[in-house]
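Let me begin by presenting the structure, written as structure tokens, before commenting on it.
The values are calculated or read from the model by the stated rules, or taken from the named source; none is laboratory data. This is a predicted model, so every value here is computed, not measured. Here the Cβ positions follow ideal geometry from the backbone for every residue, glycine too, while neighbour counts run over all protein chains shown. We work out accessible area using only protein heavy atoms, side chains counted, and drop any ligands, DNA or RNA first. Shrake-Rupley method; radii C 1.70, N 1.55, O 1.52, S 1.80 Å.
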Amino acid sequence: MEIVDAFVRLGWSFRKDSAGSICLCVSRDGEVLEAIYQFKKTLNCEILSLSLGCCSDEFDEIAEKIYGKKRSRLYLSQEEIKKSSEIIGVEDVLFLDKEAKAWWAAQDNGLQIKKWSERVASGGLNQLMHVSALAFLGDFNRLMDYRESFINGKSPYFVPMITEEMLARAVDVAVYRA
């Protein structure tokens with residue numbers, strides 16, 4: 001816990017996620033940086049890695065409304081950073097903190113949302129990202145086309161996780177935001 005405490009002193013909060021992993025978090029102005037903390041000890045060194053995810057409170061609220069129930073955050077962009085040393089110490093934590101926050105500062109959530117809106121991705125979570133991005137941007141025409149396909153029994157793009165009810169909620173959000 002000494003390493004986690006060092007991150008906390010640098011402004012991060014922490015919690016354990018449902019899988020028992022340590023999740024570090026820092027936020028500013030409605031944007032969130034989460035990092036799944038992993039520590040590994042080998043014969044020669046210690047390795048500290050952070051799996052980073054950048055999210056937006058507003059985007060997550062929209063995705064949750066579309067999904068219809070509470071869910072974990074959706075990462076608009078992701079990265080992994082690592083530091084290895086004979087013994088991981090405070091200077092290594094400082095290095096990773098600086099790297100993580102620099103990566104976060106370079107992220108453009110608006111651009112990432114636009115990218116998610118431009119493609120129909122495979123897989124349920126990616127498709128939820130796509131539909132949420134369209135709703136976020138107020139693209140109700142495209143969402144209504146998707147919904148109409150569902151109503152007509154033609155939903156070739158979406159996995160069963162995406163339902164007609166979700167698309168109806170996405171249309172409502174998009175109309176409101178347009």
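Of the conditions (1) at pLDDT 95 or above; (2) in a helix (DSSP H, G or I); (3) open to solvent by less than 20 Å² (accessible area, probe 1.4 Å), Gly138 clears all except one; give me its number.
Evaluating Gly138 over (1) at pLDDT 95 or above; (2) in a helix (DSSP H, G or I); (3) open to solvent by less than 20 Å² (accessible area, probe 1.4 Å) leaves (2) as the failure.
Residues in segment 63-84 that are farther than 25 Å from Asp5 by Cα and free of Cβ contacts under 8 Å to residues at least 60 places away in the same chain: how many?
Final tally of qualifying residues: 7.
I'd like the full set of residues that are touching a helix residue (DSSP H, G or I) at 6+ places or on another chain (Cβ under 9 Å) and in a strand (DSSP E or B), limited to segment 53-73.
Cys54, Cys55, Ser56
Which residue, of Val93, Val171, is closer than 30 Å to Val4 by Cα and buried (at least 19 other Cβ atoms within 10 Å of the Cβ)?
Matching residue, one of Val93, Val171: Val93.
Within segment 85-110, which residues are among the small types (Gly, Ala, Ser) and in contact (Cβ under 8 Å) with a residue 12 or more places away in the chain?
Ser85, Ala100
Gln78 passes all but one of (1) over 30 Å from Val171 (Cα atoms); (2) out of contact with any Phe, Trp or Tyr (no Cβ under 9 Å at 6 or more places or on another chain); (3) of a type outside the set (Asp, Glu); (4) part of a strand (DSSP E or B); which number fails?
(1)
Could you tell me how many of the residues in segment 122-178 are under 21 Å from Gln112 (Cα atoms) and of a type in the set (Asp, Glu)?
1
Name every residue in segment 1-37 that is in a strand (DSSP E or B), among the small types (Gly, Ala, Ser) and open to solvent by 40 Å² or more (accessible area, probe 1.4 Å), in order of residue number.
Result: Ser13, Ser27.
Against the condition within 15 Å of Gly124 (Cβ to Cβ) and either in contact (Cβ under 8 Å) with a residue 12 or more places away in the chain or of a type outside the set (A, V, I, L, M) (or both), how does Ile151 come out, does it pass?
It is false that Ile151 is within 15 Å of Gly124 (Cβ to Cβ) and either in contact (Cβ under 8 Å) with a residue 12 or more places away in the chain or of a type outside the set (A, V, I, L, M) (or both).
Being part of a helix (DSSP H, G or I), free of Cβ contacts under 8 Å to residues at least 40 places away in the same chain, surrounded by 15 or more Cβ atoms within 10 Å (Cβ to Cβ) and outside the structural domain of Gln38 (by the TED database) is the requirement here; does Ser132 meet it?
In short, no.
Name, by its number, the condition in (1) in a strand (DSSP E or B); (2) closer than 28 Å to Ser132 by Cα; (3) open to solvent by 20 Å² or more (accessible area, probe 1.4 Å) that does not hold for Leu50.
(3)
Taking into account only those residues within segment 105-124 that are among the hydrophobic types (A, V, I, L, M, F, W, C) and assigned to a loop (DSSP other than H, G, I, E, B), which is most open to solvent (accessible area, probe 1.4 Å)?
Ala106
For (1) surrounded by 14 or more Cβ atoms within 10 Å (Cβ to Cβ); (2) of a type in the set (A, V, I, L, M); (3) farther than 30 Å from Ile162 by Cβ, each residue gets a yes or a no:
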site	(1), (2), (3)
Gly68	no, no, no
Glu79	yes, no, no
Ile88	yes, yes, yes
Trp103	yes, no, yes
